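Q: Next up is a structure, given as structure tokens.
The values are calculated or read from the model by the stated rules, or taken from the named source; none is laboratory data. These figures come from a predicted structure and were not determined experimentally. Virtual Cβ from ideal backbone geometry, glycine too; neighbours counted across all protein chains shown. Each accessible area value is taken on the protein alone, full model and side chains, heavy atoms only, with ligands, DNA and RNA left out. Shrake-Rupley method; radii C 1.70, N 1.55, O 1.52, S 1.80 Å.
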Amino acid sequence: MSKKILYVLSEYGYWGEELLGPVTATDEAGYESVFATPNGKRPQALPPSLDPGYVDPPLGRSVTTPEVAVAARELDESARLDNPLSLADLIPERPYNSEPGFLRLIEAYYRELSTLDDEVRGYDALVIVGGSGPIVDLANNGRLHELILAFVRADKPIVGECYGVAPLAFARDWEDRESIIRGKHVTGHCKEYDYKDGTGFVGVDFNMGPPPYPLEYILRDATGPDGRYHGNVGKETSVIVDHPFITARSTPDSFLAGQKLVEVLEQGLRRFGW
């Protein structure tokens, strides 16, 4: 049977190669791809990610080859990204404790949420695509956190790329509030690769200075004393597999992350990169 992969993308801009890499690998493996965004709005690639002439400030060089730029643009403009699923339609929103009738509301919330496990059974893996957009609408998205927890319960692989790793650090059971990556080995956007200025998004007239948080510090804290964050600074690629998680540091790791996902699904790979 063909496998089905659920891709979650920001509505504030994804990095072209960070979708292209995994999609290329899963397409070649014959898998079906399903795309979702927080509210069902069509995702868009961040313009610099489609420009081979764009020089990444921290690295001091272009990170997008002409070939990748063409392929990423074709994917971004294709009908494949039209009409994505809406996380808001699939997953309920947790009520505030201050709302009238909270007990009945939270009971209804958990009843509705229980169907998510059935929904996840229809997929073989989850991919959270990176770029600066996830800072805005994925990192602290409670619905996405519930989706991640459902994939963890199902023991199915989860890929996080670049700032798409942040939701893994924040996805936590409401009882113990412990990160699901505690005790795990992960990678993600390292401090050396953070912008000092110009963190941008799609669809808003807002250009930040540096990112609002250093992802590396969050990952170091979330993994705890028994886990570890791997920046692999100076190495061309950084992809870590610590089942069920596959984490990728940044743009150059996108194709390798896709390859490792296929190896996890086809060969049972459970550890790689450390």
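Q: Using alpha carbons only, how many degrees (0 to 90, rounded to 10) separate the axis of helix 16-28 from the longest principal axis of the chain?
A: The angle comes out near 80 degrees.
Q: Does a label point 7 Å from the Cα of E266, set along Cα-to-beta-carbon, have any residues of segment 91-128 with amide nitrogen under 19 Å, and which are they?
A: 124-127
Q: Let me ask another. Just the number, please: carbon plus sulfur as a percent of the accessible area of segment 164-274, 1.4 Å probe, no ligands or DNA/RNA counted.
A: 46 percent
Q: Give me the 1.4 Å probe accessible area per residue for the chain, excluding ligands and nucleic acids, in Å².
A: For the chain, the solvent-accessible area averages 46 Å² per residue.
Q: Further question on the same structure: Mind putting a number on the dipole of the chain about its Cα centre? Charges go on the C-beta only, +1 for Lys and Arg and -1 for Asp and Glu, and I need it in Debye to the nearest 20.
A: Details: 27 positive and 42 negative charges, 113 e Å.
For this selection, approximately 540 debye.
Q: Would you please name the trypsin sites (Lys or Arg not before Pro) within segment 103-153 that are DSSP coil residues with at most 11 other C-beta atoms within 10 Å of their C-beta? Mind showing how you got there, number by number?
A: Values: sites: R104, R111, R121, R143, R153; in loops: R121.
Filter output for segment 103-153: R121.
Q: Whose amide H sits under 5 Å from the amide H of V159, counting only residues 5 or more places off or on another chain, with H placed in the peptide plane?
A: Residues meeting the criterion, in which the H sits 1.01 Å from N, are L126, V127, I128, I246.
Q: Quote the convex hull volume per residue of segment 1-83, based on C-alpha atoms, as a whole number of Å³. Working shown, then result.
A: On the way: hull volume 8.1 nm³, N = 83.
Taking the convex hull of the Cα positions in segment 1-83, it is 97 Å³ per residue.
Q: Over all pairs of distinct alpha carbons, what does the Kirkwood formula give as the hydrodynamic radius of segment 130-187, in Å?
A: Working: mean 1/r = 0.0866 Å⁻¹.
Hydrodynamic radius (Kirkwood, Cα only) of segment 130-187 equals 11.5 Å.
Q: Taking only C-alpha pairs under 8 Å that are 6+ residues apart, what is the relative contact order of segment 51-102 in percent? Before the final figure, lay out each step's value.
A: Values: 23 pairs, mean separation 10.0, N = 52.
Contact order relative to length: 19 percent.
Q: So, in nm, how far is label D117 from label H243 when the simple model puts each one 7 Å beyond its Cα toward the Cβ?
A: 2.1 nm
Q: With Cα extents along the principal axes in Å defined as stated, name the option among (1) 51, 40, 39; (2) 75, 41, 34; (3) 56, 42, 40 computed from the structure displayed.
A: (3)
Q: Rounded to two decimals, what ratio of Rg to Rh does segment 177-274 give with C-alpha atoms and a Kirkwood Rh? Kindly include the intermediate steps, with their values, before the conclusion.
A: Numbers: Rg = 14.8 Å, Rh = 14.5 Å.
Rounded to two decimals, Rg/Rh equals 1.02.
Q: Which residue, chosen from I128, G101, Y217, occupies the Cα position most advanced towards the positive end of the dipole of segment 74-222, where the dipole is computed from +1 (Lys, Arg) and -1 (Asp, Glu) charges on Cβ about the Cα centre?
A: The listed residue farthest towards the positive side: Y217.
Q: For segment 222-274, rounded, prolate or oblate, judged on the Cα gyration tensor with a ≥ b ≥ c (square roots of eigenvalues), a/c < 1.5 rounded, else prolate if a/b > b/c?
A: Numbers: a/c = 2.33, a/b = 1.14, b/c = 2.04.
Verdict is oblate for segment 222-274.
Q: With the dipole of the chain worked out from charges on the C-beta (+1 for Lys and Arg, -1 for Asp and Glu) around the Cα centre, which of A25, A154, L81 lies farthest toward the positive end?
A: With unit charges placed on the Cβ atoms, the residue in question is A154.
Q: Over segment 7-101, what is the relative contact order in whole percent, taking alpha-carbon pairs under 8 Å and six or more residues apart? If you can, show how the numbers build up before the last one.
A: On the way: 122 pairs, mean separation 31.9, N = 95.
The value is 34 percent.
Q: In the calculated pair distance distribution of segment 28-129, what percentage of Cα-Cα distances lie above 23 Å?
A: Working: 2615 of 5151 pairs.
Here the long-distance tail beyond 23 Å is 51 percent of all Cα pairs in segment 28-129.
Q: On a 0 to 90 degree scale, rounded to 10, what angle separates helix 102-113 from the longest Cα axis of the chain?
A: That helix lies at roughly 60 degrees to the long axis.
Q: Quick one: compute the contact order of the chain, relative version, from alpha carbon pairs under 8 angstrom and 6+ residues apart, as a percent.
A: It rounds to 22 percent for the chain.
Q: Now a separate question. In segment 1-64, what percent of the accessible surface is made up of carbon and sulfur (1.4 Å probe, ligands and nucleic acids excluded)? Before the final figure, lay out each step's value.
A: Values: 1230 of 2450 Å².
With neighbouring chains kept in place, the figure for segment 1-64 is 50 percent.
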